[in-house]
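Accompanying notes for the structure given below.
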Amino acid sequence: MRWASALGLAGLAAATGLILWQGADAVWAALAQAGWGILWVSLFHTVSLTLNARAWQVLWPGAHRPGVAFFARVVWLREAVNALMPVARIGGEVVSARVMIQAGLRPSLAIASLVVDMTVCIGTQFLFTLLGLALLTALVLSLLYRATAEDLRLLLIDPKRVELSIFDGTPHLADRVVSDAKEAAKRLNRLVS
């Protein structure tokens, strides 16, 4: 664990060096521009992290289960490592399993709880994605049914070419559904001017 502390201190030193190199004024200006929203986002993330830790604690059998603070630390470490390596998002799971095993928890339970946690995360992300798509479709359909093509002109931008392609050819569209980011900027400029 000493190497992890050394890496953490090296990261803190690198972050401090970057702030000094860029100028503390520029960093404070960026934080000021973000405003209170950055605090609310951090607090909201803390709530979801704590709920995840509590759910993970409930998964653990027996009377000698670790506290919520321990699991919150494990979840935070997992998310931090996964954020550092967004392409290979398995590193955080390896780190969290090692931390649990080093804390004296049984390896089979540590790995099983990780698998359950990852499965639940994937399932909830899938459900929320479906809910988001349904809400987006309902919003666009309600706009189309409430207004005539003369009253409402839409420019739909669908970079993934998945969600909004079903609306291509609708008379309410100012132009066809745009899937290219550069083309979207051109069309937005053309519509605004």
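The values are calculated or read from the model by the stated rules, or taken from the named source; none is laboratory data. Just so we're clear, the structure is a prediction, and the values are computed from it rather than from any experiment. Here Cβ is always computed from backbone atoms with ideal geometry, including for glycine, and neighbour counts include all displayed protein chains. Heavy atoms of the whole protein, side chains included, go into the accessibility calculation; ligands, DNA and RNA do not. Shrake-Rupley method; radii C 1.70, N 1.55, O 1.52, S 1.80 Å.
Some points to look at:
- Residue within the range 111-129 that is over 30 Å from V75 (Cα atoms), modelled with pLDDT of 85 or more and touching a helix residue (DSSP H, G or I) at 6+ places or on another chain (Cβ under 9 Å) present: no
- When the test is whether a residue is at pLDDT 85 or above and either closer than 16 Å to A112 by Cα or part of a loop (DSSP other than H, G, I, E, B) (or both), R73 does not pass it.
- Criterion applied to G11, G62, G17 was being over 19 Å from the mean Cα position of the chain (by Cα) and not in a helix (DSSP H, G or I), and the one residue passing it is G62.
- Checked against (1) open to solvent by 80 Å² or more (accessible area, probe 1.4 Å); (2) among the aliphatic types (A, V, I, L, M); (3) at pLDDT 85 or above, L133 passes all but a single condition, namely (1).
- Any hit, the range 98-105, residues being surrounded by 14 or more Cβ atoms within 10 Å (Cβ to Cβ) and touching a Pro at 6+ places or on another chain (Cβ under 6 Å): yes
- Any chance V120 is within 18 Å of the chain's Cα centre (by Cα) and either within 24 Å of W3 (Cα to Cα) or not in a helix (DSSP H, G or I) (or both): no
- Across the range 17-47, the number of residues qualifying as under 23 Å from E79 (Cα atoms), exposed (fewer than 11 other Cβ atoms within 10 Å of the Cβ) and polar (S, T, N, Q) comes to 1.
- The one condition in (1) in contact with a Gly (Cβ under 8 Å, 6 or more places away or on another chain); (2) surrounded by 13 or more Cβ atoms within 10 Å (Cβ to Cβ) that M85 fails to fulfil: (2)
- Residues that are touching a strand residue (DSSP E or B) at 6+ places or on another chain (Cβ under 8 Å), basic (K, R) and not in a loop (DSSP other than H, G, I, E, B) are absent from the range 173-183 altogether.
- Annotation note: Cβ proximity below 7 Å between a residue of the range 68-93 that is under 16 Å from S48 (Cβ atoms) and a residue that is open to solvent by 70 Å² or more (accessible area, probe 1.4 Å) and charged (D, E, K, R) (sequence gap 6+ or interchain) occurs for V68/R54; N82/R89.
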